[in-house]
Amino acid sequence: EEKPDRGRLVARDFKGDDKGRDDLFAETPPLEAKRMLLSKAATRREDGKPRKLLFIDAKKAHLNPVCEDDVFIELPGEAGCGPDECGKLNFWLYGFRPAAAAWEKLYSNKLVGAGFVRGASCGVVFYHPKRDISCVVHGDDFTFCGTDEDLKWVAKEMGSWFEIKVRAILGPDQGDDKEVVILGRVVR
């Protein structure tokens, strides 16, 4: 059985006079931030409820943020446009340098709107004080630590914002996952 052709439009952004342009980059959490979540998950809560780890991937992450700038692209031949026509972006494409920063701004605003507080020393670490949920984001990979009930809540919230894939819920219960690979590391 033949698979249908899948096209993917990827942009190629050219460097200009970009020195000192922090708006082009998105933060990356230190490895210690993930380790902090693992340690927290292994620590008992005062109420005795076990903490679990939730691993979520946001699909097509960079295609979610609206392109607020006037950005025009040369369209591929299969678009059927003439040589004097171009396309204006409504959403960012992979390959544009501002896409990662726009994605970070979008998901950060969503998390803060849901009650999370953004980390002061690392802007991709979040904490929900009312629900006691910790979160570390690496690109389109979200790792949460909290109780089963709270992790189900955050997965539902994220599913209403983006197309997501729940990769694993690590925990002590029989139906929980016992292993996941994240950033090239096995977590058990």
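The values are calculated or read from the model by the stated rules, or taken from the named source; none is laboratory data. Computed from a predicted model, the values in this text were never measured in an experiment. Note that each Cβ is placed from the backbone with ideal geometry, even for glycine, and that neighbours are counted across all protein chains shown. Heavy atoms of the whole protein, side chains included, go into the accessibility calculation; ligands, DNA and RNA do not. Shrake-Rupley method; radii C 1.70, N 1.55, O 1.52, S 1.80 Å.
Could you order the peptides 110-119, 70-79 from most to least packed, using the average number of other C-beta atoms within 10 Å per residue? Kindly include the intermediate steps, with their values, before the conclusion.
On the way: 110-119: 16.0, 70-79: 11.2.
Ranking the peptides 110-119, 70-79 by packing returns 110-119, 70-79.
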(message) For a quick check: with amide H placed at 1.01 Å from N, whose amide H comes under 5 Å from Ile164's, ignoring anything fewer than 5 positions away on the same chain?
(response) Lys59
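If you take all C-alpha pairs in the stretch 86-149, what percent of them are over 15 Å apart?
56
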(request) Could you work out, for the chain, what percent of all Cα-Cα pairs fall into each 5 Å distance bin, beginning at 0 Å and stopping at the bin that holds the largest distance? (result) 1, 7, 14, 17, 17, 13, 10, 8, 6, 4, 2, 1, 0, 0
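Among the listed pairs Lys34/Lys60; Lys60/Lys130; Lys130/Lys178; Lys59/Lys88, which are separated by more than 25 Å between their Cα atoms?
Values: Lys34/Lys60 23 Å; Lys60/Lys130 30 Å; Lys130/Lys178 27 Å; Lys59/Lys88 23 Å.
From Lys34/Lys60; Lys60/Lys130; Lys130/Lys178; Lys59/Lys88, over 25 Å: Lys60/Lys130; Lys130/Lys178.
Can you tell me the accessible area per residue over the chain, all protein chains present, probe 1.4 angstrom, in square angstrom?
Per-residue accessible area for the chain comes out at 64 Å².
Just want to confirm a number: the relative contact order over the chain, from Cα pairs under 8 angstrom separated by 6+ residues, in percent. Walk me through the intermediate numbers first.
On the way: 280 pairs, mean separation 52.5, N = 188.
It rounds to 28 percent for the chain.
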(request) Treat every Asp and Glu Cβ in the stretch 41-130 as -1 and every Lys and Arg Cβ as +1, leave all other atoms uncharged, and give the resulting dipole magnitude about the Cα centre to the nearest 20 debye. (result) 1060
(request) Over the stretch 67-119, with every protein chain in place, what whole percent of the accessible area is carbon and sulfur at 1.4 Å, could you tell me? (result) 52
(request) Divide by every residue of the chain the summed helix terms, -39500 (n - 2.57) for each DSSP H run of at least 4, and state the resulting mean residue ellipticity at 222 nm, rounded to the nearest 500 deg cm²/dmol. (result) -7000 deg cm²/dmol
